[in-house]
Amino acid sequence: MDLGSISSASSLQALAKLLSDAPDDDDDDDDQGPRCSVSAMTPGSIGPVKKETSGTSEVKSENKKTIWNTEEVPEGSEFDDTWDPREQPEYEILFKQQVGTEDVFFGMSRKDPSTACCEDMVIKIKLPETKVSDITLDIQDKVLDLRTPQKKLLLHLPCPVDSKNGKARFLSEEEILEVTLRMTREFDFINFA
């Protein structure tokens, strides 16, 4: 037997003894076999021991067969259909603010060119070879869903909008659908005071 293999085996046993969580009783070691808790160590076992809670996900549901609550599903996920082969049209999102001469020349209001001072969101969607009668447009508070026979656009909007009071117009010469929506942000009362 080689002296180097004995010292490396004893150092491995000493290391395993240091890493084991349970106190070591040398008397009962022979009947249990080799005890090594190195295989039981994970990155989660570093640090203080965490107490497990009995009900981590207490879902109150009327139907026990439901997988999730309707509150947990984000708005607009019912429109997601990755299997649809139609291509997505080109689009751009612009922000628009209403300014007067007192804003432009005199700077009397607190408006600046940032998007925080914009009231409206304008979405321009390029729809080549499309008739107005083929366009289906559905607008929710945070989602715009556009369907045509050739194109499909599901757009999650960057901020909530007033879905009831929007304007849409189709510019037939440029083949662009222009949708103007009023934004309803949480702190608009501060920006437009």
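The values are calculated or read from the model by the stated rules, or taken from the named source; none is laboratory data. As the structure is a prediction and not an experimental result, all values here were calculated from the model. Glycine gets a Cβ as well: all are built from the backbone with ideal geometry, and neighbour counts include every protein chain shown. Surface accessibility is based on the protein's heavy atoms, side chains included, excluding ligands, DNA and RNA. Shrake-Rupley method; radii C 1.70, N 1.55, O 1.52, S 1.80 Å.
Being of a type outside the set (Phe, Trp, Tyr), closer than 30 Å to Ala14 by Cα and modelled with pLDDT under 75, is that true of even one residue in segment 68-83? Taking every residue of segment 68-83 in turn, none turns out to be of a type outside the set (Phe, Trp, Tyr), closer than 30 Å to Ala14 by Cα and modelled with pLDDT under 75.
Within segment 105-132, the residues that satisfy the criterion of being out of contact with any helix residue (DSSP H, G or I) (no Cβ under 7 Å at 6 or more places or on another chain), free of Cβ contacts under 8 Å to residues at least 24 places away in the same chain and open to solvent by less than 90 Å² (accessible area, probe 1.4 Å) are Gly107, Asp112, Ser114, Thr115.
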